[in-house]
Amino acid sequence: MQQFLSNLSRRARVGFALGALIIIGVGGGVAWWAAHPDFGVLFRDLKDTDAAEITTALGQMQVPYRITDGGHSILVPEGAVYETRMKLVSQGVPKGGSVGFELFKDSDYGVTEFAQRVNFQRALQGELERTIDAMDEVSTSRVHLTIRREDLFAHDGDASKASVTLAIKPGKHLDARQVVGIQRLLASAVEGLSSDAVVVLDGNGTVLSAHGADGAAAASDHMDEQAQLELQLRQKVATLLHRALANDDFTISVDVRVNYDHVKQVRERLIAQGKDGNGLLVREKTGSTGRAADDSDPDHAKAGSASSDREVEYAHGREQEEIVQAPGRIERISVGVVVPSLMPEAELFKLSEVVSAGLGLEASRGDRVDIASIAPPAVAASNPPHALPPVAGKPAEIVENDRPQVPAASVDSRLPTWIYLVLGATVLVVASLGVTLSSRPRQRRLTAPEREEALQRLRQWVSSVEVKS
C-alpha cells in the first residue's frame with residue numbers, strides 16, 4: 001500500500017484521499033440513517049397520565065420513541081406506527097385515566113357490600129367518561145354520580161343526581177342538542193336518574209345545561225340563533241341592493257328582536273243560544289200559594305192572599321280556547337342602509353319599499369326600514385387601502401395594491417433524512433472527480449524544432465525498416 005501511494009503523484013494522492021473520505025462519509029451516513037429512521041406520530045393531544053402509561057408500555061415492548069409537543073405527542077419509527085398502535089390498543093393502553101368495569105376483573109370474594117357498591121359507582125362513572133370523551137368536541141370529562149339506594153324501611157329517599165364537567169377542545173363548541181344528549185345518556189345509564197337532574201358544566205364552570213330536557217336553547221344559543229337570522233336578512237338585503245345599485249358601495253345593518261318566552265293562554269266564553277240569547281230551556285217549574293176563608297167569616301168578607309213562583313233552568317254552551325305561543329317569535333325587525341349621496345329622494349323611497357317587501361316586514365308589528373344617503377368622508381391619505389365590498393354580511397377585507405392579503409399556508413418543509421444524505425454524497429463525488437481530473441498531467445504541445453526532430457527520427461526508423469526488409 002505504501003509503495004502504491006509512493007508511485008502516485010501529489011494530486012493523485014489527494015484525489016485518492018478524498019475518494020476514501022467520500023466512501024467513509026457515505027457509509028457512515030447510511031449507517032446513521034439506518035440507526036435513526038424517520039419517526040411518525042403514534043398518539044397526539046395526550047394527557048400526562050396517558051403519556052406516562054404509553055411510554056411505560058413502549059419501554060416494555062423495547063420500541064424506540066420520542067416525546068414532543070411538551071409531552072403531549074409520542075413518536076415511534078414510521079414503519080412501526082400502525083403495528084405499535086394496534087398492540088397498545090389490544091393491551092388496553094391508554095386507559096384514558098378512567099377505571100371501567102375491568103375493575104371487577106380481579107375482584108376479591110372478601111369485599112364488603114359497601115366496597116362493592118363504591119366499586120360499581122367508580123366503574124359506571126369511568127365508562128360514562130369514556131363514552132363522553134369519544135365525542136369530537138370533548139377533550140376530557142369528569143362524571144360524578146349520586147345514586148339512589150333502595151332501603152327496606154325508607155322508600156321516599158332523594159332521587160339520583162349527576163354532574164358532568166367537560167373540557168372542550170380549542171375551536172370547538174357544544175350546541176344545545178349535544179348537551180341534552182349527554183343528559184339523556186346519563187339518565188339512561190343510571191337507575192332512578194332523570195335528565196333534568198344532570199348538571200353539565202364546561203371547563204370554566206359555566207352551566208351548559210341551563211335548559212330543560214325538551215331542548216329549549218340557553219341564552220348563548222338564543223344569541224346565536226338571533227345572529228344567524230340577522231345574517232340571513234342582511235344577505236337578502238345585500239342581494240337586492242346589488243341588483244338595484246351600480247356598485248356595492250353600501251352598508252347594511254339589521255336588528256331583530258326575538259321573544260323566547262313560552263306563553264300559554266286559556267280563554268273561555270259563553271255561547272248565546274235560544275230565542276232571547278239566554279240559553280236553551282232545560283226545566284221550568286211554576287207554583288202558586290193562597291189563604292182560604294176563615295170560619296169566623298162565613299160570608300167570605302176577607303179575601304185570601306195568593307202568590308205564584310216560577311223556576312227556570314237554562315243550559316249555556318261554553319267555548320274554551322287554549323293558545324300556546326312557542327318561543328322564538330319575532331317581535332320587531334329594523335333595517336338600516338347607508339347608500340351614496342347621489343341618489344334622489346324618490347329612488348330612496350322606492351328602494352325602501354322594495355327592501356320592505358323583500359323581507360316581508362309588517363308595519364303593524366313595528367318593523368321599519370331606514371335608507372339614508374350619506375356622502376363618505378374625504379380620505380386624507382394619498383394612497384388609501386382599498387376595501388372589498390361587503391358581501392353576504394361579512395366585513396370588508398383591507399388589501400394593498402388592489403390585491404387581497406391571503407395568509408400564507410403553513411407548509412411542512414421538512415424533508416426525509418435520506419435526501420440530505422444523497423445530496424451530500426453527490427456533492428462529494430463531484431468534488432472528487434474534479435480533483436482527479438485536475439491531477440492528470442496535461443499534454444504539452446511540441447514546438448517547431450521538436451516537431452522537426454521527431455519527424456526526422458520517424459523517417460530514420462521507416463528507412464531502417466525498409467532496408468531490413
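Observations
- With a cut-off of 9 Å between beta carbons, the residues surrounding E331 carry a summed charge of +4, where Lys and Arg count +1 and Asp and Glu -1.
- Here the Karplus curve 6.51 cos²θ - 1.76 cosθ + 1.60, taken at θ = phi - 60°, turns the phi angles of the range 82-91 into couplings of 6, 4, 5, 5, 5, 5, 5, 5, 5, 8 Hz, with x standing for Gly and Pro.
- For the listed peptides 360-367, 39-46, a ranking on the average number of other beta carbons within 10 Å per residue, highest first, reads 39-46, 360-367.
- Mean Cβ count within 10 Å, highest first, over the residues of peptides 54-64, 110-120: 54-64, 110-120
- Karplus-derived 3J(HN,Hα) values for the range 338-350, using 6.51 cos²θ - 1.76 cosθ + 1.60 with θ = phi - 60°, are 10, 10, x, 7, 8, 7, x, 5, 4, 5, 5, 5, 5 Hz; glycine and proline are entered as x.
- 3J(HN,Hα) along the range 115-123, derived from phi through the Karplus expression 6.51 cos²θ - 1.76 cosθ + 1.60 where θ = phi - 60°, amounts to 5, 5, 5, 5, 5, 5, 5, 4, 5 Hz, with x in place of Gly and Pro.
- Close amide H contacts of F43 (hydrogens built in the peptide plane, cut-off under 5 Å, sequence separation of 5 or more or a different chain): I74.
Every number in this text was worked out from the coordinates using simple rules, so none of it is lab data. This one's a predicted model, so the numbers in the text were calculated from it and none came from an experiment. Neighbour counts run over all protein chains shown; Cβ positions are idealised from the backbone, glycine included.
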